[in-house]
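In what follows, a single structure is set out as structure tokens and then discussed.
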Amino acid sequence: MNTQLIKICIWAVIIGLALSGLTAFPIQTELAWLVNHSSALPEMLKVYLIAVYQAIKTTNQYYPYLSYGTDWLAFAHLVLALLFVGPLRDPVKNIWVIEFGMIACLLIFPLAFIAGSIRDIPIFWRLIDCSFGVFAFIPLYIAYRDIKKIKPKPRSL
């Protein structure tokens, strides 16, 4: 079995989680850049990004401590990325981490649609959020499938 493919899939998830975490820290700066370079984006998306940027800018100006929640979100992504080091070292023994990741990917959908609805997040943005679950699920499933192929079978008596 190709353990190299398993490692590539796990690395893809680790890098994705780490980048998601690292980019959550400077969210106001990133949104300012995105708003200033949004001419190619659809008008609906531009309007939404401007509104989000203004909300974050105003919140950070008057209530900077609320961004501490985003810092913890970023930290959680980085810690979750570290969790996947176990399957890199021993995929069979740590297959539960891959299963955990796949479950987490699936749980993005109810969160996006329930909390997103409560928070008035536009449907197109909720679909973007859900796409992260899809894109992470694919390499996790490939790794899971291949780990199951190399997992030793229990001995019968």
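Of the residues making up segment 8-23, those that are surrounded by 16 or more Cβ atoms within 10 Å (Cβ to Cβ) and either more than 11 Å from the chain's Cα centre (by Cα) or not in a helix (DSSP H, G or I) (or both) are 9, 10, 12.
Kindly establish whether residue 132 is in contact (Cβ under 8 Å) with a residue 60 or more places away in the chain, assigned to a helix (DSSP H, G or I) and over 14 Å from the mean Cα position of the chain (by Cα). Outline the logic, then answer.
On the way: in contact (Cβ under 8 Å) with a residue 60 or more places away in the chain: yes; assigned to a helix (DSSP H, G or I): yes; over 14 Å from the mean Cα position of the chain (by Cα): no.
Spelling it out, it is not the case that residue 132 is in contact (Cβ under 8 Å) with a residue 60 or more places away in the chain, assigned to a helix (DSSP H, G or I) and over 14 Å from the mean Cα position of the chain (by Cα).
On the stretch given as segment 82-115, residues that are over 16 Å from residue 18 (Cβ atoms) and of a type outside the set (Lys, Arg) total 22.
Being of a type in the set (Gly, Ala, Ser), over 27 Å from residue 139 (Cα atoms) and over 18 Å from the mean Cα position of the chain (by Cα), is that true of even one residue in segment 111-125? Checked segment 111-125: at least one residue is of a type in the set (Gly, Ala, Ser), over 27 Å from residue 139 (Cα atoms) and over 18 Å from the mean Cα position of the chain (by Cα). Somewhere in segment 106-127, is a residue among the small types (Gly, Ala, Ser) and outside any helix (DSSP H, G or I)? Checked against the condition, which is being among the small types (Gly, Ala, Ser) and outside any helix (DSSP H, G or I), segment 106-127 yields no hits at all.
A quick yes/no check of all residues on (1) loosely packed, with under 14 Cβ neighbours inside 10 Å; (2) at pLDDT 95 or above; (3) under 23 Å from residue 137 (Cβ atoms):
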residue: 40; (1), (2), (3): yes, no, no
residue: 45; (1), (2), (3): no, no, no
residue: 74; (1), (2), (3): no, yes, yes
residue: 91; (1), (2), (3): no, yes, yes
residue: 94; (1), (2), (3): no, yes, yes
residue: 101; (1), (2), (3): no, yes, yes
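Screening the candidates 119, 126 for the property of being charged (D, E, K, R) and exposed (fewer than 15 other Cβ atoms within 10 Å of the Cβ) yields one hit, 119.
Applying the selection to segment 24-38, what residues are in a loop (DSSP other than H, G, I, E, B) and surrounded by 14 or more Cβ atoms within 10 Å (Cβ to Cβ)?
So in segment 24-38, the residues in a loop (DSSP other than H, G, I, E, B) come out as 25-26, 37-38.
Listed by number, the residues that qualify are 25, 38.
The values are calculated or read from the model by the stated rules, or taken from the named source; none is laboratory data. Bear in mind that the values here come from a model prediction, so they are computed numbers and not experimental data. Note that we place each Cβ from the backbone using ideal geometry, even for glycine, and neighbour counts take in every protein chain shown.
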